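The values are calculated or read from the model by the stated rules, or taken from the named source; none is laboratory data. Source: prediction; values computed, not measured. Note that each Cβ is placed from the backbone with ideal geometry, even for glycine, and that neighbours are counted across all protein chains shown. These accessible areas exclude ligands, DNA and RNA; they are computed on the full protein's heavy atoms, side chains included. Shrake-Rupley method; radii C 1.70, N 1.55, O 1.52, S 1.80 Å.
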Amino acid sequence: MTDSSTNMRLKLPITCFILQIILIILFGVLVQYDEDTDAKKHHHGNHSKTKPDIENDFYYRYPSFQDVHVMIFVGFGFLMTFLQRYGFSSVGFNFLIAAFSLQWATLMQGFFHGLHEGKIHIGVESMINADFCTGSVLISFGAVLGKTSPVQLLFMAVFEVTLFAVNEYILLTHLGTRDAGGSMTIHTFGAYFGLMVTRILYRPNLDKSKHKNCSVYHSDLFAMIGTLYLWMFWPSFNSAITEHGDPQHRTAMNTYYSLAACTLSTYAMSSLTAHDGKLDMVHIQNAALAGGVAAGTAGEMMLTPFGSMIVGFLAGIISVLGYKYLTPILENKLKIQDTCGIHNLHGMPGVLGAIVGAVTASLASKEVYGEGLEKVFPEVAGGHRTASYQGGVQAISLAVTLGMALFGGLIVGFILKLPIFGAPRDTTCFEDSLYWEVRKPQSHFSYCMKKSEIAVMC
Amino acid sequence: MTDSSTNMRLKLPITCFILQIILIILFGVLVQYDEDTDAKKHHHGNHSKTKPDIENDFYYRYPSFQDVHVMIFVGFGFLMTFLQRYGFSSVGFNFLIAAFSLQWATLMQGFFHGLHEGKIHIGVESMINADFCTGSVLISFGAVLGKTSPVQLLFMAVFEVTLFAVNEYILLTHLGTRDAGGSMTIHTFGAYFGLMVTRILYRPNLDKSKHKNCSVYHSDLFAMIGTLYLWMFWPSFNSAITEHGDPQHRTAMNTYYSLAACTLSTYAMSSLTAHDGKLDMVHIQNAALAGGVAAGTAGEMMLTPFGSMIVGFLAGIISVLGYKYLTPILENKLKIQDTCGIHNLHGMPGVLGAIVGAVTASLASKEVYGEGLEKVFPEVAGGHRTASYQGGVQAISLAVTLGMALFGGLIVGFILKLPIFGAPRDTTCFEDSLYWEVRKPQSHFSYCMKKSEIAVMC
Amino acid sequence: MTDSSTNMRLKLPITCFILQIILIILFGVLVQYDEDTDAKKHHHGNHSKTKPDIENDFYYRYPSFQDVHVMIFVGFGFLMTFLQRYGFSSVGFNFLIAAFSLQWATLMQGFFHGLHEGKIHIGVESMINADFCTGSVLISFGAVLGKTSPVQLLFMAVFEVTLFAVNEYILLTHLGTRDAGGSMTIHTFGAYFGLMVTRILYRPNLDKSKHKNCSVYHSDLFAMIGTLYLWMFWPSFNSAITEHGDPQHRTAMNTYYSLAACTLSTYAMSSLTAHDGKLDMVHIQNAALAGGVAAGTAGEMMLTPFGSMIVGFLAGIISVLGYKYLTPILENKLKIQDTCGIHNLHGMPGVLGAIVGAVTASLASKEVYGEGLEKVFPEVAGGHRTASYQGGVQAISLAVTLGMALFGGLIVGFILKLPIFGAPRDTTCFEDSLYWEVRKPQSHFSYCMKKSEIAVMC
């Protein structure tokens, strides 16, 4: 199962080495510790008297960061192990492109979010933001899963991280959009970018490896590890970079209830849409998470648990319907081969989340938020804009994000189509042994079983 | 493997939808943000001056909450995947009933623990309490694992959560019982409730599916994921809702040492009770956790690491002996078919924990606790009762809990026996394909292997 | 597969019981709560006025502790499940010796790190230190994996924990060495101790069980669970016991970037050194972690993200080269049978980390660290030694550690060679069924499949 075009012997090492060396040089030139990580700055003058150690941002955000980190590496990684012969690549390429993206995102986000005398200052908040940006790349990875080489994925990450940072800059800095949990910046962007890339990379003969594009019993259990970690830690994800205090607390709680409601509607819809009432693992693994996506923008607002549950409830329904009815249409009519169904998990719920955010923002008032309005809508609290104007900005941000994602995906898709990246052939998609040493691959369920043992069995 | 009586096509969607819609309506009517999650309340007047953001309860409790959350969804979920053909249901039904229970528990516990002008105020502490109550339902699930439909489980949860909240209300509010880690309220209640339910649901012909009621190699490894997360995070569980400061710190540490000692006695007993000295995965997966259960009541007290280790040591011994000798007796003589052996993991260690708590409470004194007595035994510190009276109250609370659990389980068991819930037949117990889409189930170890591949092997 | 010499029926229970009872007695005599865990001490006099609850060490360190705990039990445990028939033992013996070691380490470290009027005072920091010491034992376990009985492992832990504490005492207390993440005390010590033990336990006929010393598809996925948890939580590991505030924050961040860079160089080298460019799971599972090891000493220093990335980049390269070229040499020429390749993951990267630490320390200055110098190099800040002297001390500490590890491993290796411990025969290495009840082991991939089902297949 090796041929010269897909051989990674030179392509992958050269790509990794060059990218990493560029990263190291740029970090050397551009990156510095911030106030809370630098030994000198943290103790400058009588600074330490006014800010005790416990108020170092580390103690506010590091537990959330670690949860986000688990979502990125175990959550996304194992969620994609559902394929029977693609577990090494799912976890392994996820690992590789995430490790690259978080470094590159640190630079891109630091560059756009504001330099300090030409330097990027970093700490736990920038680490979370880098993981967030990485999440967006991994969402897109889900659309092209099984059909791309690791070199293609690394190049996709290079471009996607850059565009992500530009879009985020436009939204958060220029438009003053609120999107703490990233319904727009992370999920909508990652999903529509990935869908456009997979559209450009359309393979008319993909059914040649169709028999490998399905799960086996244990691969579905591995995928549930990913699902559950994403589900459990989504409250941390949405609340990781909100303001300290009540916004962080409230966001986590809103997300918790949104996810719970989403889970029940997912089970209901999965059973209802099956002819024999049986639950489908694909729905449980994915649609039950849509409630977290949909609470990404409004989670920090005074959405109330009641509102969060309605949002989650709807997200679960939409997502299952998408898996059942829309994905086949996308594939057959629009030639969008979306391996993990990211349109149902991140695309539509992301758009829903953006809309809910716009509506909730337009209803914000001093009456409801009190002095806390400052923390959630500083522009509104400062009198620079009305709540309905903020709502309009939120809606425009969704349009900007969709445009950036689709246009970016179009360009990047064509770049990735170049024959130099070692993409798999149609017959070797969804197959680990193309890029991984798999011991004695005579039989996929037991690579080490000897011929003699098989003989004994029979 | 589908027949009309077990078909979930209408039963499950209707149940999920109705339950979720009722929950949403009740949340809309009854639930509000508390002081630490509401934007307005948190910043009311000069409140923010007296309470900096870092003292928001979120920063005291959220890391513990996340650990508890992992125990509920990954810990309980994967612990039950040891069955060879029931992994989807173990993880999947665990997920479903937990997502329901935590919402319902928020309402029931809020209702009983004190309304604020007719409203339930929620924050991270109520989220932990909701997860705790959910844990109790999942313990009961362990007793009936493999023998119940998801609709039966949802109805069990409806009733069990309600009774849990009543019992907890009687103990914590009326009697002034101390039970931070829930040896009584969670473990003893969940275990004896579940044992009574499975007694009522007794199946004389369960041996028809006996060959599926066993583990395979990889299913035991999946179960170890559950075991280890429960084991590692039990210190967080027991300390999650203790008072801030030293009690939380002390509880985590006592539990840590109790579990460590329990693990050694579990390995010792597992080897000692096997005729050939070989360790049994069932014991390791379960009995090694008994030390956490048994430290649930006294963990916050001045039990000392020394005392904690003795408790854990005994819990491990009792638990292995239970698996080895008591479970077969319960099944054959008392007709209690306890799939996961919850009597050994939660029942007996829970009772042990309650007794240890009563003894430790009766020995409390100002000499040992100093000013800290107020945080652990406010009634004793305030002079309203003596330490030995507190000990007596703890003992009575165990009796109340046992009574509530057994009586509640009796009633609920008979309700669940109604033929409308789609319970599996005796021949289709412990079988995922009854409720789940399992791809090409011609052979249980490889649902996707094609006939031709098998031919090649032979 | 049972013979009298390897039967654990009496050996294992007696060892466990005696060790645990000794531990309980010593805890009863020697161990007390510290200031932050004792109800009385924490509230002594007007203490509570000067130290609010949030400044209890619990809130600074408990989230880090839990991450470290996950690394010890899930990280190390699952990392070693890559062997096809040794998953129960990998996870199970890891669990057993870790549960023992953390108790024994509490005593040994408490004894050497300073008694308070003859008593050992414990809290969350001592729990982290105990887990650290346990990590060292588990590293050594990796070298002898598959070739030792649980009783041998327990005795190895008894001696190794003791020597670890002595070495740590010499370094941290006497020499004033800085080694927050344990490049020397944990990784170098554990690796060279384990390598010497496996050298002494050399089995010339180990190739008799060679066919079991390899992975299967799903066992490699289980191992990735271990890898990813180690990778994700290494920033918590290295920062767990640094000083509060900026050092903890900085260490976590340095480690994060070191690991990211290491991952890219690992993928590059794995592909480059394979004749067909295919990635090797062994490298990904192990070498990608070397960046965490190598940042263990200098992580708390002003290494900068730039420096951290260079260190991680080199660590990944060295580690893959070690697996590819050095491990076979060690085995064939030096008779060191290193099952998990700990020399490549912990040995060489640990030495690298120590050297980086020495260099970084020798460059420390008030100019760079400002007032923060006190927290990282108290001896230098206090004027008791120069930075270059500190660097020299760091280098000497590496030599001391290597000496202690090799000499200790030599002695302990000979002790473990005594025939009383029930070591497996050469033919039954890497085999769970020697020490574990494995149901119906007629075929390793499906212990429960009935003969009739196999017949149907064919």
(message) Regarding segment A:223-243, can at least one residue be identified that is part of a loop (DSSP other than H, G, I, E, B), open to solvent by less than 10 Å² (accessible area, probe 1.4 Å) and within 14 Å of chain B (Cβ to nearest Cβ)?
(response) yes
(message) With the requirement that a residue be surrounded by 24 or more Cβ atoms within 10 Å (Cβ to Cβ) and farther than 13 Å from C:Val356 by Cβ, what does segment C:303-321 give you?
(response) C:Pro305, C:Gly316, C:Ser319, C:Val320
(message) Of everything in segment C:378-417, what is within 14 Å of chain A (Cβ to nearest Cβ) and touching a helix residue (DSSP H, G or I) at 6+ places or on another chain (Cβ under 6 Å)? Give them in sequence order.
(response) C:Val380, C:Ala381, C:Ala387
(request) Please specify each residue of segment B:418-458 satisfying the condition of being in a loop (DSSP other than H, G, I, E, B), open to solvent by less than 70 Å² (accessible area, probe 1.4 Å) and modelled with pLDDT under 90. (result) B:Ser443, B:His444, B:Phe445, B:Ser446, B:Tyr447, B:Cys448, B:Met449
(message) With the structure loaded, tell me whether B:His218 is buried (at least 23 other Cβ atoms within 10 Å of the Cβ), modelled with pLDDT under 95 and part of a helix (DSSP H, G or I) or whether it fails that test.
(response) yes
(request) Would you list the helices (runs of 4 or more DSSP H) that sit entirely within segment C:257-352 and hold 1 or more residues that are of a type in the set (A, V, I, L, M) and more than 30 Å from C:Glu374 (Cα to Cα)? (result) C:281-286, C:304-321, C:327-332
(request) Considering only segment C:353-367, state which residues are in a loop (DSSP other than H, G, I, E, B) and open to solvent by 60 Å² or more (accessible area, probe 1.4 Å). (result) C:Leu363
(message) Anything in segment C:154-184 that is touching a Leu at 6+ places or on another chain (Cβ under 9 Å) and not hydrophobic (A, V, I, L, M, F, W, C)? List them, or say none.
(response) C:Thr177, C:Arg178, C:Asp179, C:Ser183
(message) Looking at the structure I just gave you, is B:Gln248 in a helix (DSSP H, G or I), within 30 Å of A:Asp220 (Cβ to Cβ) and touching a helix residue (DSSP H, G or I) at 6+ places or on another chain (Cβ under 9 Å)?
(response) no
(request) Confirm whether B:Glu300 is on the phi < 0 side of the Ramachandran plot, in contact with a Pro (Cβ under 7 Å, 6 or more places away or on another chain) and within 14 Å of another protein chain (Cβ to nearest Cβ). (result) yes
(message) at positive phi, of a type outside the set (Asp, Glu) and at pLDDT 95 or above: is that true of C:Gly194 in this structure?
(response) no
(message) Let me confirm something: among B:Thr162, B:Thr106, B:Thr81, B:Thr134, which residue is among the polar types (S, T, N, Q), open to solvent by 10 Å² or more (accessible area, probe 1.4 Å) and closer than 25 Å to B:Tyr192 by Cβ?
(response) B:Thr162
(request) Please work out if B:Ala268 is facing chain C (nearest Cβ under 9 Å), open to solvent by less than 10 Å² (accessible area, probe 1.4 Å) and within 24 Å of B:Gly190 (Cα to Cα). (result) no
(message) Step by step: first the residues of segment B:113-125, then only those that are assigned to a helix (DSSP H, G or I) and not β-branched (Val, Ile, Thr), then the one that is farthest from the other protein chains (Cβ to nearest Cβ). Which residue is that?
(response) B:His113
(request) Please identify the pairs in which a residue from segment A:131-142 that is under 15 Å from A:Gly181 (Cα atoms) has its Cβ atom under 8 Å from the Cβ atom of a residue that is buried (at least 24 other Cβ atoms within 10 Å of the Cβ) and of a type in the set (S, T, N, Q), counting only partners at least 6 apart or on another chain. (result) A:Phe132/A:Thr185; A:Cys133/A:Ser101; A:Thr134/A:Ser101; A:Ser136/A:Thr185
(request) Could you tell me whether segment A:260-274 includes any residue that is under 27 Å from A:Lys147 (Cβ atoms) and in contact with a strand residue (DSSP E or B) (Cβ under 6 Å, 6 or more places away or on another chain)? (result) yes
(message) Of everything in segment B:271-302, what is of a type in the set (Val, Ile, Thr) and open to solvent by 10 Å² or more (accessible area, probe 1.4 Å)? Give them in sequence order.
(response) B:Thr273, B:Val282
(message) Can you confirm whether C:Gly413 is in a helix (DSSP H, G or I), out of contact with any Leu (no Cβ under 7 Å at 6 or more places or on another chain) and not hydroxyl-bearing (Ser, Thr, Tyr)?
(response) no
(message) I'm checking my understanding of the structure. Among residues of segment B:399-413 that are open to solvent by less than 30 Å² (accessible area, probe 1.4 Å) and under 17 Å from the mean Cα position of the chain (by Cα), which one is farthest from B:Ala423 (Cα to Cα)?
(response) B:Thr401
(request) List every residue pair whose Cβ atoms sit under 7 Å apart, with the two residues 6 or more apart in sequence or on different chains, where the first one lies in segment B:204-219 and is more than 7 Å from chain C (Cβ to nearest Cβ) and the second, anywhere, is among the polar types (S, T, N, Q). (result) B:Leu206/B:Gln337; B:Lys208/B:Thr427; B:Ser209/B:Thr427; B:Ser209/B:Thr428; B:Lys212/B:Gln84; B:Ser219/B:Thr81; B:Ser219/B:Gln84
(request) Scan segment A:137-159 and give yes if some residue there is over 20 Å from A:Leu416 (Cβ atoms), open to solvent by less than 10 Å² (accessible area, probe 1.4 Å) and part of a helix (DSSP H, G or I), otherwise no. (result) no
(request) Please note which helices (runs of 4 or more DSSP H) are completely contained in segment C:1-112 and include at least 3 residues that are closer than 22 Å to C:Gln152 by Cα and at the interface with another protein chain (Cβ under 7 Å from one of its Cβ atoms). (result) C:11-30, C:87-112
(message) Return the pair list, or none, for Cβ contacts closer than 8 Å from residues in segment A:270-289 that are closer than 10 Å to A:Leu345 by Cα to residues that are open to solvent by less than 10 Å² (accessible area, probe 1.4 Å) and not in a helix (DSSP H, G or I), at least 6 apart or on different chains.
(response) A:Asn286/A:Gly341
